[in-house]
Each structure stands twice: as C-alpha cells, then as structure tokens.
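Data first, discussion second: the structure below is written as structure tokens.
The values are calculated or read from the model by the stated rules, or taken from the named source; none is laboratory data. Note that the structure is a prediction, hence the values are computed from the model and not measured. Every residue, glycine among them, receives a Cβ derived from its backbone with ideal geometry; neighbour counts consider all protein chains shown. With ligands, DNA and RNA removed, areas are computed over all heavy atoms of the protein, side chains included. Shrake-Rupley method; radii C 1.70, N 1.55, O 1.52, S 1.80 Å.
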Amino acid sequence: MSDNKKNLLQRGLDNIQPPLSSFIGAQTTSSLFLLLSTIVALWWANSIHSASYFNLVYTPVGLFFGDLEFKASLKHIINDGLMVIFFFLLGLEIKREVLVGDLAKPENRRMLIICALGGMMCPALIYSMFNYSFDSQIGWGIPMATDTAFALGVLTIVRKHIPASLLAFIVGLAIVDDVGAILVIAIFYTEQISVLHLASAFALIAFLGVANYAGVRQPLFYIIVSVITWLMMLKSGVHPTVAGVAIALTVPARPGLASGKLLDKAKSIINSMERKPQSVDVLASKEDHEKVLEVRDVAEEASTPLRRWEDALHLPVSLFILPLFALTNAGVIFSFSSLADSLQHPIGLGIIFGLVLGKFIGISGFCWLALRFNLGSLPSNVNFQHVIGASLITGIGFTMSTFIAMLGFDGQPEQLQYAKTAILVGSILAAVLGAIYLRVTATKQNSE
C-alpha cells in the first residue's frame, strides 16, 4: 500500500475516533454560550422588560389535532423535552468512558469513583446540616452536581499552567458525578410513579438492548422507539431525562465492520480507482462518484453509532439546547435585599458551603485517603495540589444543580429563588477560587 494511501486511511481512522480534545473543545464552546445566555437571562429578568421575559418563559404553547391538545410552557418543553437530548448525550459519554476511556482502567476508575463519592457525599451532608428538620432538606441533592462545560471553560483560563491529564481527570470525575446525580434524580426526586408506564418504558429500553445485540444499526429505528420510551417515562412520574441516559446505554458501541475487513475493502476500492487511465473526476464520472461513496460507506460501517451520534449531538447541545436551558432558567430577580435573604437562608448557606467547601473537602479528602491506603492512583503529571484545585472548580454546579433545584422546589417559587441565587454565587466562588489556586500553585512550582 502506498504512503499516500496509508496516510489517507489513517486520517480516516483518526476521524472515526477523535481524541479527547474534541470533547473538551465542545465543552469549552458550550461554557461560552452558557455564560452568555446566563448573563442575558439575568439582565432580562432584572430590566424594565422583565415582564416580557417571564411571559415568554411561562406562556403555554402547543399543538391541536381535533379534540387532542398538547400544551406546555416553553420552560417545560425545554426542561422535559430538549434536555432529554442533553442527558442522552451524557449517557453516550458515560458509556464510552466506561468502555474505552479513563473509567475503563481499574486503577483510574477506583480513584475517580472514590473522589466522586466524596464530592457527592460531603456537599449533601453540609446542605443537610444547614437544613436539618426543615422542609427545605429536600434540596440536599443540589450541591452534589458538577457542570462539566463550565468547569472545563474555567480550566481553559489556566490551561497553560496545568497538565493535559488534569483535564481528562476532571472529565472522568464529572462523568461519575453525573451518574450519581442521575440516580439521585431518578430515586429521590420522583413523587408519584405509574407502574404501568414505568414498566412499559423499561420494556422498550430492554427491546432496544436486544436490537443492539441483534446488530440493528438504523438510526430511524432507535429514534422512533426512543420517542415512545420518552413518552412512557414522562407519564410514569419519573423525570423523562432519565430515559435519555437509559436509552444511550443501548446504543451500539461496536463497529459494523472489523478493522481487517475495513483495510481490505478500502484497499480494493482505492486500487480500482488507481487502475483507471484517467484521473478521478467525481463530478463528471458517475462511476467515480459511486466509488467515493463506497469509501464513505466503508468508513461509516467501520465506525460506531455511539461515536457518530455523540459527535453529531455535541454542537446542537452546546450551541442550542444548553444555552436555551440557561436562558429560560437563570432569570433570577436580583436586589440587595433578596441577595442578602438568599445568602442568610438555610437553603442558600447549604448550597454555597456545599458547592465550595463540600466539594473541596470531599474530593481532596477522599483522594488523600485513597493515596494513603493505595486504593487508587492519579494520572501521570497530576499531583495532589492539582486535585485540590480541581476539587474547587468542580464546585461549579450550574446546569445540573439548577435542574435538581427545580425538581426539589417545584411549586415553591421563594425557595427556588433562594436556591438559584445560591447556585450562581457558589459557582462563581468555586470558579474564582479554583482558578486562582491552580495559577498560584503553578507559579510557585515553576519558581522552585
């Protein structure tokens, strides 16, 4: 095989399995759009046009088919509908990490799970201490979550001063953290359950798993069954975003064609094109056009639906769904008195101390214990000082924390106001403290 053909084929294989940098790039882009949407929502909700903001968010929209009516507010359409796609993408990332990422290596998996458990337990305990015996104790899950996009966005500020492996460590940590948050949503933030609808949803998920095992790869099949599964989960009482994660776990992760056969088919097609006396012209020659399409089909068959769908969803989720979520949910009315009330209320104190202090104590403390008793190891070039900085930055809990707050304080606008304000304050504190700590630590290490 010629060097040119080898290079061409290698580039194709690289495109099938893009590196971690693609994921980080998408998350960084998402953090910028999230930040912009949050600023717009805060400005809009506190401007003279605030009435138009809340009218837009809560005005019902819907479809009508004769006597059938489907109606919901824009906020519910985004939170119960579009956010399912975000959780589906999250599920794809979780599955990939478990199969071939950092979570696939036992030594890395142990450390990440230990650190993530500490980062979930300590914030929840701190929140519960502030809200013990109050009705607001239902919000204990709020400070557990980490916003991966914002966390990686902050890390880009100090990226020159930290090892690249720290980014991968935080991605793995946040993914384990997200698994915990999803389980909390499914188990503890569900009030009434329709057993029939829930059983139907799980039966459809099992059906998708069987289809995966049988080799079904058609996207339309998965889309149709997934929509029905989402509807069943919505009617079951369990939040429908859980369906997004569960469906993602059934997406095929194996290529339809082995790498050896890929090489044979690719060589055969390329050789047949090279034997032509004239140069390849895909515009004028139908035969050449079909050969190029065959190469494309081979590459697609050799890739995995999990990877293709994950790559396809990154931009729509980063540039559209998450910014819309922030725009419709971050509109908190600010005033000095309301800010003071939020920061003095048990809900606000529990969330802020949980996000900042709880994440720091939980992740750093559990990491120290794991290293002390040889229960796990850190990635290359990552030391305990880096973990301390990472533990502060994982206190940025914007998206997932806001989502859990809306589930916990549904129908309680005053408590939800306290929670959203505290999430913003706690996330900003965590971001500033984490970035400063990593920057100062890097400067000190370079001077030694």
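Computed values, structure above
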quantity	calculated
Complete set of residues in segment 193-202 that are out of contact with any helix residue (DSSP H, G or I) (no Cβ under 6 Å at 6 or more places or on another chain) and open to solvent by less than 60 Å² (accessible area, probe 1.4 Å)	ALA199
Unique match (being among the aromatic types (Phe, Trp, Tyr) and open to solvent by less than 30 Å² (accessible area, probe 1.4 Å)) among PHE325, PHE360, PHE373	PHE325
Tally, over segment 396-430, of residues that are farther than 19 Å from PHE325 by Cβ and in contact (Cβ under 8 Å) with a residue 60 or more places away in the chain	5
Hey, GLY119 within 23 Å of VAL425 (Cβ to Cβ), touching a Ser or Thr at 6+ places or on another chain (Cβ under 9 Å) and crowded, with 23+ Cβ neighbours inside 10 Å or not	yes
Qualifying positions in segment 67-116 - of a type in the set (Val, Ile, Thr) and either touching a Ser or Thr at 6+ places or on another chain (Cβ under 6 Å) or open to solvent by less than 30 Å² (accessible area, probe 1.4 Å) (or both)	ILE78, VAL84, ILE94
Conditions (1) at pLDDT below 70; (2) open to solvent by 20 Å² or more (accessible area, probe 1.4 Å): number failed by LEU35	(1)
Qualifying residue in segment 422-429 (condition: within 25 Å of GLU191 (Cβ to Cβ), modelled with pLDDT of 90 or more and open to solvent by less than 20 Å² (accessible area, probe 1.4 Å))	yes
Extreme residue, surrounded by the most Cβ atoms within 10 Å (Cβ to Cβ), among residues of segment 204-233 that are touching a helix residue (DSSP H, G or I) at 6+ places or on another chain (Cβ under 8 Å), of a type in the set (Phe, Trp, Tyr) and without any contact (Cβ under 8 Å) to a residue 24 or more places away in the chain	PHE207
Odd one out for MET406 among (1) at pLDDT below 90; (2) of a type in the set (A, V, I, L, M, F, W, C); (3) open to solvent by 20 Å² or more (accessible area, probe 1.4 Å); (4) assigned to a helix (DSSP H, G or I)	(1)
GLY62 vs. criteria of a type outside the set (Ser, Thr, Tyr) and free of Cβ contacts under 8 Å to residues at least 40 places away in the same chain	yes
Residues being farther than 30 Å from ALA72 by Cβ, open to solvent by 30 Å² or more (accessible area, probe 1.4 Å) and not aliphatic (A, V, I, L, M) - total across segment 328-351	7
Condition broken by GLY376, with the remaining ones in (1) modelled with pLDDT of 85 or more; (2) within 30 Å of ARG254 (Cβ to Cβ) satisfied	(1)
Of the criteria (1) open to solvent by 10 Å² or more (accessible area, probe 1.4 Å); (2) over 19 Å from GLY358 (Cβ atoms), which one LEU155 fails	(1)
Residue in segment 162-182 that is open to solvent by less than 60 Å² (accessible area, probe 1.4 Å), among the aromatic types (Phe, Trp, Tyr) and within 29 Å of GLU414 (Cβ to Cβ) present	no
Residue that is modelled with pLDDT under 85, within 22 Å of the chain's Cα centre (by Cα) and part of a helix (DSSP H, G or I), where the choices are GLY118, GLY139, GLY153	GLY153
Pairs, first within 19 Å of LYS420 (Cβ to Cβ) in segment 349-362, second open to solvent by 50 Å² or more (accessible area, probe 1.4 Å) and of a type in the set (S, T, N, Q), C-beta under 8 Å, six or more apart	none
ASP341 under 17 Å from GLN415 (Cβ atoms) and in contact (Cβ under 8 Å) with a residue 12 or more places away in the chain	yes
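Per-residue answers, yes or no, for (1) farther than 20 Å from PHE130 by Cα; (2) not polar (S, T, N, Q):
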| residue | (1), (2) |
| --- | --- |
| CYS367 | yes, yes |
| LEU371 | yes, yes |
| PHE384 | yes, yes |
| PHE398 | yes, yes |
| GLY411 | yes, yes |
| GLU414 | no, yes |
| ALA422 | no, yes |
| ILE436 | yes, yes |
| THR441 | yes, no |
